[in-house]
Amino acid sequence: MSRYDAVVVGSGPAGLEAALNLKIRNKRFLLFGSHSTSYKVETAPHIRNYLGIPDVTGKELQSRFLDHLQRMDIAVSAEQVNTIYPMGTHFAIATNQNAYEAAAVILCPGAFQGKPLPGEERLLGRGVGYCATCDAPLYKGKTVAILGWGDEAVHEANFVAELAKTVYYLPVKPSAAPLREDIRLLKGQAVEITGEQKAAALVLDSGPLEVDGVFLLRESIAPGTLVPGIALKDGFIQVDSDMRTNLEGCFAAGDCTGKPHQYMRAAGQGQTAALSAVSWLNTGNQQF
Amino acid sequence: MKNERLIKMTELDTATFQETIKSGVSVVDFWAGWCVPCQIFAPVLEELAGEMESVAFCKVNIEENDELARQFSVTNIPTVIVFKDGEPVSRMVGVKQKDEVQAAIQSHL
């Protein structure tokens, strides 16, 4: 497998600005994110503090971002990044279908929305997971509960239903996407995931539901889940003024590093992270 | 670039499993074809296999051997179980870095 110089995760202003700078500095990289860049930008009604572009709608700003990418011949891959593993000599990036290698990683996944459910972290890897497509075959003939946020979650739930015996779905964030008829819709709130050695039940406000596994399919990913071993502070990725994290070769930028959550800040951090990564790559110091 | 000698691990099934792990130290990697983290993790074990010659490094495809997966309560993959004289003595779930795996095996030698 060929190794990239860098992988950028996230296509909001931070990730895009990072990608631009990597391109200008002739680095081989992959940019993962959404083809529509950032949902947050797209839906912003009105922006007045983006220097050089007074008084613009989110949609117009998004359109300018897309135009800039196109002019620079930068593509966004919509493959979902599940986990990034620091391997000592490089990073291994796992998506649903593929594994990639890169010397450096720039994390721009945005701010994580969502507190973990009680029991979620304790039972992670023991019946609790974040990637239904990854683990679904393990639940062939078994009972699975899925908490879903949005459309993608519905698609994943439909896939799990092809393999599992029974699938329950709790739409935490509603979606218009069609759910398979044989999936049992749940109502109410999830309270806790219980179980001793492994997940045994999903407890709703209406009572416990016995299951073999629980998947939480959120739209954003908790940074600690995305990169095992990364240092956080108050739930944000901890970085120095060069956007370096505690992991050698791993940089972070944008809302994921903290507040204020502003586009110009994110872009600025994205650029700093890219230039730091370039500097690091150029010293040939990849001995972690 | 350091000199890496990667040794392919022996694929085990229900028939050959007991016989292989019953004596000495064995490391068994439970994996499946659709598991991307398993693909990422395999070279780490192959590298260790080249360095720790007294240890048997093996793998079990859980899609073809689900009885073995159930017998050892493998619910998430990759799962690596270290066996000593037929008994499971250590378990790691998920991709780990080489030095962590090496230390876990070393402690049973």
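The values are calculated or read from the model by the stated rules, or taken from the named source; none is laboratory data. Given the structure is predicted, the values throughout are model-derived calculations rather than measurements. So basically every Cβ, Gly included, is an ideal-geometry build from the backbone, and we count neighbours across all protein chains shown.
How about the stretch B:93-109: which of its residues are at the interface with chain A (Cβ under 8 Å from one of its Cβ atoms) and either within 13 Å of residue A:86 (Cα to Cα) or loosely packed, with under 12 Cβ neighbours inside 10 Å (or both)?
Narrowing the stretch B:93-109 to residues at the interface with chain A (Cβ under 8 Å from one of its Cβ atoms): B:93-95, B:97-99.
Answer for the stretch B:93-109, where residues must be at the interface with chain A (Cβ under 8 Å from one of its Cβ atoms) and either within 13 Å of residue A:86 (Cα to Cα) or loosely packed, with under 12 Cβ neighbours inside 10 Å (or both): B:94, B:95, B:97, B:98, B:99.
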- Message: Looking at the stretch B:63-92 only, could you name the residues that are within 11 Å of another protein chain (Cβ to nearest Cβ), free of Cβ contacts under 8 Å to residues at least 24 places away in the same chain and of a type outside the set (D, E, K, R)?
- Response: B:73, B:75, B:76, B:92
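Report the residue count in the stretch A:134-155 for those that are surrounded by fewer than 22 Cβ atoms within 10 Å (Cβ to Cβ), closer than 25 Å to residue A:192 by Cβ and modelled with pLDDT under 95. Lay out the reasoning, then the answer.
Kept after step one, since they are surrounded by fewer than 22 Cβ atoms within 10 Å (Cβ to Cβ), are these residues of the stretch A:134-155: A:137, A:140-143, A:149-152, A:155.
Remaining after also requiring closer than 25 Å to residue A:192 by Cβ: A:142-143, A:149-150, A:152.
This time we only want the ones that are modelled with pLDDT under 95, so: A:142, A:149-150, A:152.
Going through the stretch A:134-155 one residue at a time, the tally reaches 4.
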- Go through (1) in a loop (DSSP other than H, G, I, E, B); (2) away from chain B (no Cβ under 14 Å) one by one and return the number of the condition residue A:64 breaks. (1)
- Message: Given the criteria modelled with pLDDT under 95, within 14 Å of chain B (Cβ to nearest Cβ) and surrounded by 15 or more Cβ atoms within 10 Å (Cβ to Cβ), does residue A:163 qualify?
- Response: yes
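When you scan the stretch A:72-133 for strands (runs of 3 or more DSSP E) that lie fully inside it, which ones turn up with 2 or more residues that are within 13 Å of residue A:32 (Cβ to Cβ), within 14 Å of another protein chain (Cβ to nearest Cβ) and under 15 Å from the mean Cα position of the chain (by Cα)? Full working, then the answer.
On the way: elements: A:81-86, A:91-95, A:99-107.
Passing ranges, in order: A:81-86, A:91-95.
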- Task: Name every residue in the stretch B:44-62 that is out of contact with any strand residue (DSSP E or B) (no Cβ under 9 Å at 6 or more places or on another chain) and within 13 Å of chain A (Cβ to nearest Cβ), in order of residue number.
- Result: B:44, B:47
- Message: Name the residue that is farthest from residue A:131 (Cα to Cα), counting only residues in the stretch B:85-109 that are under 12 Å from the mean Cα position of the chain (by Cα) and among the β-branched types (Val, Ile, Thr).
- Response: B:105
- Matching residues in the stretch A:217-236 - criterion: being of a type in the set (A, V, I, L, M) and within 13 Å of the chain's Cα centre (by Cα): A:217, A:221, A:222, A:226, A:227
- Task: Could you figure out which of (1) within 18 Å of residue B:76 (Cα to Cα); (2) modelled with pLDDT under 95; (3) surrounded by 12 or more Cβ atoms within 10 Å (Cβ to Cβ) isn't true of residue A:196?
- Result: (3)
- Task: Pull up the stretch A:199-229, narrow it to residues that are touching a Leu at 6+ places or on another chain (Cβ under 8 Å) and free of Cβ contacts under 8 Å to residues at least 24 places away in the same chain, then point me to the one that is surrounded by the fewest Cβ atoms within 10 Å (Cβ to Cβ).
- Result: A:208
- Message: Would you confirm whether or not the stretch B:25-48 contains a residue that is under 17 Å from residue B:83 (Cα atoms) and in contact (Cβ under 8 Å) with a residue 60 or more places away in the chain?
- Response: yes
- What number of residues within the stretch A:166-184 satisfy the criterion of being over 23 Å from the mean Cα position of the chain (by Cα) and surrounded by fewer than 16 Cβ atoms within 10 Å (Cβ to Cβ)? 5
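Please go through the stretch A:1-21 and give me each residue that is assigned to a loop (DSSP other than H, G, I, E, B) and modelled with pLDDT of 95 or more, ordered by number. Outline the logic, then answer.
We begin by selecting, within the stretch A:1-21, every residue assigned to a loop (DSSP other than H, G, I, E, B); these are A:1-2, A:10-12.
Listed by number, the residues that qualify are A:10, A:11, A:12.
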- With the condition kept exactly as written, say whether any residue in the stretch A:148-157 is away from chain B (no Cβ under 14 Å), in contact with a Cys (Cβ under 7 Å, 6 or more places away or on another chain) and in a loop (DSSP other than H, G, I, E, B). no
- Determine, yes or no, whether residue A:71 is in contact with a strand residue (DSSP E or B) (Cβ under 6 Å, 6 or more places away or on another chain), without any contact (Cβ under 8 Å) to a residue 60 or more places away in the chain and of a type outside the set (Ser, Thr, Tyr). no
- Message: Checking the structure you have, find out if any residue of the stretch A:188-195 is within 17 Å of the chain's Cα centre (by Cα) and touching a residue at least 24 places away in the same chain (Cβ under 8 Å).
- Response: no
- Among strands (runs of 3 or more DSSP E) lying entirely in the stretch A:206-279, which contain 3 or more residues that are over 25 Å from residue A:6 (Cα atoms)? A:207-210, A:213-217
